[in-house]
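The values are calculated or read from the model by the stated rules, or taken from the named source; none is laboratory data. From a predicted model like this one, the values you see are computed outputs, not experimental measurements. Because the Cβ atoms are built from the backbone with ideal geometry, glycine has one as well, and the counts that use them run over all protein chains shown. Quick note on the areas: whole protein, heavy atoms, side chains included, nothing else; ligands and nucleic acids left out. Shrake-Rupley method; radii C 1.70, N 1.55, O 1.52, S 1.80 Å.
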Amino acid sequence: MPAALITQVGSVCVYDVLGSGDEARIEAMLEMYGGLFPQYQHYIPRMRRRAQFSSEHRNGHIVHYWLVEVGGRPAGLRTFRYIRERRCGLAHALAVDPKFRDVDVLGKRLSVFLIYECLAQVIRDAVVRGDLPPFGMVNEVEPDRLMEHYTRNGLVKLPVKYVEPIFPPEVEGRSRDQEIAGIRFSPMHMGFLPNPDMKINPFAPDMLENFVLAFLVDHYGLPKDHPVMMNVLDSIKRIGS
């Protein structure tokens, strides 16, 4: 079955490949992921396995794997999820092939268009399920240059001393505790793209804690009492102190 066409603007098409069985597009997305994120290549087997499941395979999570095509050619990818209990989306991988980075979509560069399109998708996910409106999208952002680029395009930098857990390559028979013990942590910025229909204070400590728990506990599966988890939460407590 072909992947679901999420949106089309001119020659730009966005497909959700998750659970579609569209092996050609799944492999095109994974090949691009490996090429543009060489430091995360060991995640590809996990992603290939996850791509076979439905979007709601994990209770309370609505997951999306998008492949972007321009003129029928693979041009970019976006992976993200909506966590219903936390009322927010979590943005994971975003990449555009350098040959297509200057593609204009409705007055935005392709990467910026995708940022807003996945926010729109999370809002649709909530509406379909009768949930309260989501607060917006929470993003992990790597270098300062990218953070500056995204803040110019509507992302809010959150005052959290955040780190990304990077899991080791999979090893058969290894326990979950052993896997967590093998995590290394990389400093990251945390950014937020607000739902334009919601009036919230993303800098409020309870809101920041909600976003951190969504990423580190709900998505990555860190124990709430993990020392790194506690350090990130402590950075929120120190705001304004």
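Observations
- Between Asp218, Asp97, Asp197, the GNM of the chain built on Cα springs shorter than 10 angstrom shows Asp197 fluctuating the most.
- Shape box of the stretch 20-94 [Cα atoms, principal axes, largest first, Å]: 36, 26, 21
- When both the stretch 115-141 and the stretch 2-52 are represented by their alpha-carbon centers, they are found 20 Å apart.
- Largest to smallest in accessible area, the residues His149, His57, His64 fall in the order His57, His149, His64 (1.4 Å probe, all protein chains included).
- Label-point gap, in nm, between Met1 and Ser186 - each point 7 angstrom along Cα→Cβ: 3.4
- Over the stretch 1-103, accessible surface divided per residue gives 44 Å², non-protein components excluded, 1.4 Å probe.
- Between Phe53 and Asp225, residue separation times 0.36 nm minus the direct Cα-Cα distance comes to 58.9 nm.
- Added length on full extension, which subtracts the Cα-Cα distance from 0.36 nm per residue, Asn153 to Ser175: 3.8 nm
- Length-normalised contact order of the stretch 121-241 in % [C-alpha pairs under 8 Å, at least 6 apart]: 30
- For the chain, the carbon plus sulfur part of the accessible surface works out to 53%, probe radius 1.4 Å.
- Built amide H within the under 5 Å cut-off of Tyr65, gap 5+: Val17, Leu18
- Volume per residue of the C-alpha convex hull in the chain, rounded to whole Å³: 133
- Solvent exposure of the stretch 154-203, expressed per residue, is 56 Å² of accessible area, with all protein chains present and a 1.4 angstrom probe.
- Gain upon complete extension [Val127, Leu146; 0.36 nm per residue less C-alpha separation]: 3.7 nm
- Unit charges on C-beta of K, R, D, E only; dipole of the chain, Debye: 300
- Whole-percent pair-distance distribution, where bins are 10 Å wide, for the alpha carbons of the stretch 71-181: 12, 35, 32, 19, 3
- Amide proton proximity set for Ile6, modelled H, under 5 Å, gap of 5+: Val14, Tyr15, Asp16
- Comparing Arg25, Arg78, Arg129 in a Gaussian network model of the chain (Cα springs below 10 Å), the most mobile by mean-square fluctuation is Arg129.
- Net charge contributed by nearby residues that have their C-beta within less than 15 Å of Ala214 (K/R +1, D/E -1): -2
- Distant-in-sequence amide H partners of Asn195 (H built 1.01 Å from N, under 5 Å): Gly136, Met137
- Contact order for the stretch 1-65, expressed relative to its length and based on alpha carbon pairs under 8 Å spaced 6+ residues apart, stands at 31 percent.
- Selected from Arg84, Arg48, Arg152 as most flexible by GNM, with the chain as the system and alpha-carbon contacts under 10 Å: Arg152
- Kirkwood-type radius of the stretch 141-197, with distances r between different C-alpha atoms, in Å: 13.5
- For Ile6, solvent-accessible area (1.4 Å; no DNA, RNA or ligand), Å²: 50
- The 1.4 Å probe gives accessible areas that order Phe135, Phe185, largest first, as Phe185, Phe135.
- When each of Lys108/Lys199; Lys157/Lys224; Lys161/Lys199; Lys99/Lys161 is checked by Cα-Cα distance, pairs over 29 Å: Lys99/Lys161
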